[in-house]
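Bear in mind these aren't lab numbers, they're just calculated from the coordinates by the rules spelled out. Because the structure is a prediction, the values reported are computed rather than measured. So basically every Cβ, Gly included, is an ideal-geometry build from the backbone, and we count neighbours across all protein chains shown.
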Amino acid sequence: MQSIDNLKFDKDGLIPAIVQDSRSGEVLMVAYMNKESLEITLKEKTTCFWSRSRKELWRKGSTSGNKQQVVSLTADCDSDALLVKVTPDGPACHTGSVSCFFNGVYSDKKKKGFSIRGLYSLITGRLLAPKENSYTSRLFAGGKERILKKVGEESSEVIIAAMKDNKGETVYEIADLCYHLLVLMANQGITPDDIIDELALRHTGGEEEKG
């Protein structure tokens, strides 16, 4: 294991820290650490940074409660940047988004991968920064009642398609339902990891089996 004394801090005594969700692999944020904040991070096992704007130590989640439990910390090949893998207790971004990275600049649609968490981040981005002509933004603008109505409609359409034993149509309707459930989750502050954790709890015998 490398000693922190061998890390290369810049002229201001800082080193960039890329924070990544250890479960999903999603990049959550980029911040800076100095030696003191790094030592605190290692001691307390939760992220602590140096705020360049406020010129002070910044324990992530000290006011919001959205702490980041440190899983691992790795230096790059030049020892001048850190990758911090964490288990987040809540959103990383001050806007309330899971990740600070939700403003698309460029995407090659032919090569871009898909993930439920990625779609969820896009959806939360539409909640926090509504866009004109966005169906998702219009759903949020309509409030919980409109979202719940759509979830009900899509659930019925899944049932109808399945009753007809039409696999293609059923897959299509399930995809619609999943999307609208993600919108509902974002509206309620529920993340995909909340659902995964609940399913894992049941799978590992954390509570009595359902059904």
- GNM flexibility winner over the chain from Gln69, Gln20, Gln188 (Cα, springs under 10 Å): Gln188
- Item | Relative contact order (%) - the range 116-203, alpha-carbon pairs under 8 angstrom, separation at least six | 35
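Assuming a ≥ b ≥ c are the square roots of the Cα gyration tensor eigenvalues, decide whether the range 116-203 counts as rounded (a/c under 1.5), prolate (otherwise, with a/b larger than b/c) or oblate.
Numbers: a/c = 2.01, a/b = 1.22, b/c = 1.64.
It comes out oblate by the Cα gyration axes.
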- Length-normalised contact order of the chain in % [C-alpha pairs under 8 Å, at least 6 apart]: 14
- Taking the chain as a Gaussian network, where each spring joins two C-alpha atoms under 10 Å apart, which residue of Gly152, Gly104, Gly13 fluctuates the most? Gly104
- Query: Can you give the angle from 0 to 90° between the axis of helix 35-44 and the longest principal axis of the chain, with both taken from C-alpha atoms, to the nearest 10?
  - Reply: 60
- Message: Can you give me the angle between helix 116-128 and the longest principal axis of the chain, using Cα atoms only, in degrees from 0 to 90, rounded to the nearest 10?
- Response: 90
- For the Thr87, Arg54 Cβ pair and Förster radius 30 Å, calculated FRET efficiency rounded to 0.05 is 0.70
- Item | Folded to 0 to 90 degrees: helix 167-188 orientation relative to the chain principal axis, Cα | 50
- Query: If pairing requires two Cys Cβ atoms under 4.7 Å apart, which cysteines of the chain are left without a partner?
  - Reply: Cys48, Cys77, Cys178
